[in-house]
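Data block below; observations after.
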Amino acid sequence: MNDYKRTKTEYIYILGIDTSCDDTSAAVLKNTLVLSNVISSQDDLHKQWGGVVPDLARRAHAERIDKVIAEALQRASINEGKKLRIRNMNAIAVTFGPGLAIALEVGINKAKQLCTEYKLPLIAVNHMEGHLLSALAANSHGKSPLTVSELIYPVIGLLISGGHTEIIKFNKLGKYELLGETLDDACGEAFDKVARMLGLGYPGAKALAEFAKKGDENAIRFPVPLEHDERVAFSFSGLKTAVYYYLKKREEAGKKLTPQVIADVAASFQKSAALHLCQKLQMVLNKVNPGIVLLGGGVVANIYIRNKLRTLVKNHGSRLIFPATKKLFADNGAMIAVAGYFKYMRGEFTDPAVLDRSPRAPLA
Ligand code: KG4
Ligand code: ZN
């Protein structure tokens, strides 16, 4: 349904909802300015199982979604200095995929229900488009790393999250080309799995990155995936397995896993993972010569990786841009609202009667 015409007012308020995995999130944006971005993490719930349990995620989303939306509206009202209710929104944007089917469903159903009740246009957003455009969101001081008018095409997006590792090219918003993706594990997934091998719990990527700071990145020579492969593709499974066998061999030899060994393994693994990302991005830079490289996804929280990528892109003569705040790296409603805002401006609305979850929705 495209019956909805966009309101041609100066400011557009959008409520963004994401329940794609294990975070229940809702945000309110005024154009691209983030007025609120509430994230209710389920880490504690899934920790004991060593990974995300879909049914637990679904139940937690269902329990929390109303409260998270109410809080997003409340915080946005404080920031805006006036009461903002659902009926003051111009549209609701929701993630329709990719993600866990039964988790996505919770956010989609809530968005449909609110859109129908308040007669608001519904905007279906691809979760990866949210990560890709998250750098266009402005923080509460109105500062964004980049505005849409500053995009110099072609733009390359490097998306590194727990579920995806992909390189995207685009010449205009909304029309994306996939240049390469992972053949097996995603980058964040590999960090979490190696962290678990090192006894750092789940999700352990952040702890691994902390240990890596104290380690010697040249202590162990782990392979750099697809190093001599011409393809623009990623692979983290072999690297993960190399760490597994290294640890197994040590264990069989009766060697203890001391904090220093953990730090050295973490640093050496992280170095190989970063080199892998850099080598593949370099290939793309040489081929495409983009004006701008956008970074998105949970792994952007990794400062070591960010710095390596930044140097690479700078040496090439392009600009590397990543989101304004930490909250925008990982899954959040604001990135969905920001992608939703650009769809709103193009008048791309979806009929609540036909919107369905799409767990494997491709971006391109
Ligand atoms: O984007 P995101 O929140 O969720 C998905 O869409 O998958 O990404 C989450 C991923 C997790 O795998 C997490 O372990 C990883 O981002 N991550 C990190 C760091 N912090 C979070 N990976 C490496 N270093 C970090 N500091
Ligand atoms: Zn994500």
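The values are calculated or read from the model by the stated rules, or taken from the named source; none is laboratory data. Keep in mind the model is a prediction, meaning the values are calculated, not measured. As a convention, Cβ positions derive from the backbone with ideal geometry for all residues, glycine included, and neighbour counts pool all protein chains shown. When the accessible area is computed, the model is the full protein with side chains, heavy atoms only, and any ligands, DNA or RNA have been set aside. Shrake-Rupley method; radii C 1.70, N 1.55, O 1.52, S 1.80 Å.
Write down the percent of antiparallel bridges among all DSSP beta bridges whose residues are both part of the chain, to the nearest 5.
The answer is about 60 percent antiparallel.
For the chain, what is the charge dipole size about the Cα centre, in debye to the nearest 20, if Lys and Arg each add +1 at the Cβ and Asp and Glu each add -1 at the Cβ?
Dipole magnitude for the chain comes out near 820 debye.
Please give the net charge around Arg231, taking every other residue with its beta carbon less than 14 angstrom from that of Arg231, where Lys and Arg add +1 and Asp and Glu add -1.
Computed value for this residue: -4.
For region 191-320, calculate the relative contact order in percent as a whole number, restricting contacts to Cα pairs under 8 Å that are 6 or more residues apart.
Relative contact order, region 191-320: 28 percent.
With a 1.4 Å probe and all protein chains left in place, how much of the accessible area of the chain comes from carbon and sulfur atoms, in whole percent?
50 percent
With charges only on Cβ, +1 for K and R and -1 for D and E, what is the dipole size of region 242-342 about its Cα centre, in debye, rounded to 20?
Here the size comes out at about 240 debye.
Where Lys and Arg each count +1 and Asp and Glu each count -1, what net charge lies around Ala219 among other residues with Cβ under 13 Å from its Cβ?
Once all neighbours under 13 Å are counted, the net charge is +1.
Would you be so kind as to identify which of Leu247, Ala233, Asn286 lies farthest towards the positive end of the dipole of region 219-289, taking Lys and Arg as +1 and Asp and Glu as -1 on Cβ and the Cα centre as origin?
Leu247
At 1.4 Å probe size, what's the solvent-accessible area of Ile65? Round to the nearest 10 Å².
Taking all protein chains as shown, Ile65 has close to 10 Å².
Report, in whole Å, the centroid distance computed from the Cα atoms of region 279-348 and region 50-119.
One Cα centre to the other: 25 Å.
Using 0.36 nm times the number of residues separating Lys249 and Lys83, minus their current alpha carbon distance, what extension gain do you get?
Result: 53.6 nm gained on full extension.
Please check: in the Gaussian network model of the chain (C-alpha springs, under 10 Å), which one of Leu100, Leu45, Leu132 has the largest mean-square fluctuation.
Ranking Leu100, Leu45, Leu132 by mean-square fluctuation puts Leu45 first.
Within the set Lys143/Lys308; Lys119/Lys169; Lys82/Lys169; Lys110/Lys327; Lys47/Lys255, which residue pairs have Cα atoms separated by over 32 Å?
From Lys143/Lys308; Lys119/Lys169; Lys82/Lys169; Lys110/Lys327; Lys47/Lys255, over 32 Å: Lys119/Lys169; Lys82/Lys169.
Taking springs between alpha-carbon atoms closer than 10 angstrom, which of Ser20, Ser140, Ser235 fluctuates most in the Gaussian network model of the chain?
Per the Cα network of the chain with a 10 Å cutoff, Ser140 tops the list.
State to the nearest 20 debye the size of the charge dipole of region 45-142 about its Cα centre, where the only charges are +1 on K and R beta carbons and -1 on D and E beta carbons.
For region 45-142, the charge dipole is close to 320 debye.
For labels at His141 and Met345 in the simple 7 Å Cα→Cβ model, what's the distance in nm?
Calculated label separation equals 2.4 nm.
In sequence order, what are the phi-derived ³J(HN,Hα) couplings for region 291-302 according to the Karplus relation 6.51 cos²θ - 1.76 cosθ + 1.60 with θ = phi - 60°, rounded to whole Hz, with x for glycine and proline?
x, 9, 10, 9, 10, x, x, x, 5, 4, 5, 7
Which FRET efficiency value, to the nearest 0.05, is calculated for Asp66 and Arg221 with the Förster distance at 45 angstrom and r the Cβ-Cβ distance?
The value I calculate is 0.30.
If I take every Cα pair under 8 Å that is 6 or more residues apart in region 106-209, average their sequence separation and divide by the length, what percent do I get for the relative contact order?
The value is 14 percent.
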